[in-house]
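Novice: Pasting a structure below so you can have a look.
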């Protein structure tokens with residue numbers, strides 16, 4: 001039986017990051033993966049969705065080229081070509097992860113892994129079973145789409161985020177159940193291509209876990225793209241495969257569609273832990289700050305451990321677990337996880353939300369700058385969005401940021417860096433920003449907020 005210092009079960013962002021870090025620290029490392037390296041993010045999540053979002057962005061730009069004095073003829077898109085490009089991007093990145101594992105001399109084992117109490121891991125593939133021994137185990141099996149028990153769902157023909165990327169045609173009418181970050185991203189993609197999209201959400205607003213101003217701004221732009229948004233709406237039944245019976249304010253009606261997408265959250269994949277009696281925190285595995293479970297030699301990261309179900313959060317937790325399992329003291333701040341929604345416009349946030357500050361009774365100040373007064377936004381013909389900051393009322397320490405606008409997911413690291421370093425508005429004011437850029441609006445917002453203290 002092969003013995004390893006660290007065995008990681010699950011080859012998504014958290015798993016392969018943990019494996020790479022463990023190997024870099026000189027540990028003999030094995031990585032067990034049942035499907036393709038890269039996990040949900042690379043194969044069925046972040047990467048394919050961002051590829052399609054880029055397709056949608058390019059198509060939208062061509063359709064609106066007239067505002068820049070550019071005349072075009074008939075505009076068409078090839079769904080087959082977009083599907084091929086998406087698959088090519090995935091294949092390229094899979095190869096990159098495989099090369100990373102090879103460079104680290106990590107043993108990659110293909111098969112379903114089961115973790116046993118004696119720290120062995122059995123790997124089953126194509127009727128064969130291999131058992132390996134680990135001194136430390138990192139569980140990184142991720143999650144799968146959660147499908148609610150709606151009446152008629154078992155007979156329904158529906159997609160989840162795992163399957164919708166492999167549709168062989170562009171739908172004409174799409175109903176999306178759930179308007180969290182996954183639902184609104186798909187609404188943005190398909191609306192750009194002229195699909196009749198309806199978003200159904202039980203809460204009183206879309207992206208209910210994010211800043212209400214951001215939700216309102218995104219709602220306006222989705223409505224401008226002819227997306228129908230139904231909030232405070234319950235789904236009672238699925239009929240005839242893809243038609244949805246809804247109840248809004250006591251009134252029942254039927255939404256007809258040729259494609260139905262369920263995007264109501266995700267559930268942790270716990271099968272590999274079935275022989276272990278680990279402490280739970282609701283539906284997730286309970287961990288400490290080092291990502292250790294109630295078994296000190298077994299770690300759980302990513303979607304298994306709850307928190308923000310984001311690839312970069314899983315990667316950070318993978319680094320923490322690998323370092324702690326290697327005898328190091330990790331120093332990653334998991335209180336600052338940037339949250340990015342890749343819609344049109346994009347939404348990015350970090351730190352406290354305004355609702356959290358109000359709930360805690362924290363004394364704070366806030367300022368908001370609309371992008372319609374930003375020179376770069378005006379030159380680009382894209383003025384939807386704003387920059388919003390929160391600071392401590394007394395000392396001017398930055399507590400949170402909400403950005404809405406084009407490519408703001410590339411900008412959220414700036415306020416995060418200030419927060420990581422416990423920077424103040426005075427220090428932000430002293431930082432010269434280039435002109436003309438969207439980032440100027442961050443500086444303007446910081447100065448405006450400083451003037452309120």
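Computed from the coordinates by the stated procedures, all read-outs in this text should not be read as laboratory data. What you are looking at is a predicted structure, and each value in this text was computed from that prediction instead of being measured. Neighbour counts run over all protein chains shown; Cβ positions are idealised from the backbone, glycine included.
Novice: Using a simple spin-label model with points 7 Å from Cα along the Cα→Cβ vector, what separation in nm is obtained for residue 433 and residue 81?
Specialist: Label at residue 433, label at residue 81, 3.8 nm between them.
Novice: By the gyration tensor of its Cα atoms, with a ≥ b ≥ c the square roots of the eigenvalues, what is the shape of the chain: rounded for a/c under 1.5, prolate for a/b over b/c, or oblate?
Specialist: The shape class here is oblate.
Novice: Expressed in nm to one decimal, what extension gain is obtained for the pair residue 102 and residue 209 from 0.36 nm per residue of sequence separation less their Cα-Cα distance?
Specialist: 34.6 nm
Novice: Is the C-alpha gyration tensor of region 296-362 telling us rounded, prolate or oblate? Criteria: a/c under 1.5 is rounded; beyond that, a/b larger than b/c is prolate, otherwise oblate.
Specialist: prolate
Novice: Next question, about the same structure. Tell me, what is the FRET efficiency for residue 92 and residue 146 to the nearest 0.05, using R0 = 30 angstrom and their Cβ-Cβ distance as r?
Specialist: Between residue 92 and residue 146 the formula returns 0.50.
Novice: How many angstrom separate the Cα center of region 246-292 from the Cα center of region 105-130?
Specialist: Cα centres, region 246-292 to region 105-130: 26 Å.
Novice: Moving to a separate point now. Simple spin-label model, 7 Å along Cα-to-Cβ: residue 256 to residue 380 in nm?
Specialist: Distance between the two pseudo-spin positions: 4.0 nm.
Novice: Right, next: So, by mean Cβ neighbours within 10 angstrom, what's the order for 101-107, 204-210 with the highest one leading?
Specialist: Highest mean packing first, the order is 204-210, 101-107.
Novice: Can you tell me the equivalent ellipsoid semi-axes for region 345-451? Use √(5λ) from the Cα gyration tensor, largest first, whole Å.
Specialist: For region 345-451, the ellipsoid semi-axes come out as 22, 15, 12 Å.
Novice: Could you give me the percent of Cα pairs per 10 Å distance bin for region 299-408, shortest bin first, beginning at zero and ending with the bin that holds the maximum distance?
Specialist: Each 10 Å bin holds this share of Cα pairs: 13, 31, 30, 20, 5, 0.
Novice: Arrange the peptides 183-190, 364-371, 29-36 so that the one whose residues have, on average, the most other Cβ atoms within 10 Å appears first.
Specialist: For the peptides 183-190, 364-371, 29-36, the packing ranking is 183-190, 29-36, 364-371.
Novice: Tell me what the chain gives for mean residue ellipticity at 222 nm when only DSSP H runs of n ≥ 4 count, each as -39,500 (n - 2.57), the sum divided by the residue total, rounded to 500 deg cm²/dmol.
Specialist: Calculated at 222 nm, the ellipticity per residue is -9500 deg cm²/dmol.
Novice: Take the Cα atoms of region 18-109, find their three principal axes, and give me the spread along each one in whole Å, biggest first.
Specialist: 60, 24, 17
Novice: When a/c is below 1.5 the answer is rounded, else prolate if a/b is larger than b/c, else oblate, so apply that to region 153-264 with a ≥ b ≥ c taken from the square roots of the Cα gyration tensor eigenvalues.
Specialist: Because a/c hits 1.5 or more and a/b fails to exceed b/c, region 153-264 counts as oblate.
Novice: While we're on this one: Normalised by the number of residues in region 345-451, what is the relative contact order in percent for Cα pairs under 8 Å and 6+ residues apart?
Specialist: 32
Novice: For residue 166 and residue 274, calculate 0.36 nm times their separation in residues minus their Cα-Cα distance, and state this gained length in nm to one decimal.
Specialist: Here the segment from residue 166 to residue 274 would lengthen by 35.8 nm.
Novice: Against the 2.2 N^0.38 Å scaling, with N counting residues, where does region 71-199 land? I'd like the Cα-based Rg ratio to two decimal places.
Specialist: 1.49
Novice: What is the chain's relative contact order, in percent, from Cα pairs under 8 angstrom and six or more apart in sequence?
Specialist: Across the chain, relative contact order equals 15 percent.
Novice: Separate question: For region 153-264, calculate the relative contact order in percent as a whole number, restricting contacts to Cα pairs under 8 Å that are 6 or more residues apart.
Specialist: Relative contact order comes out at 37 percent.
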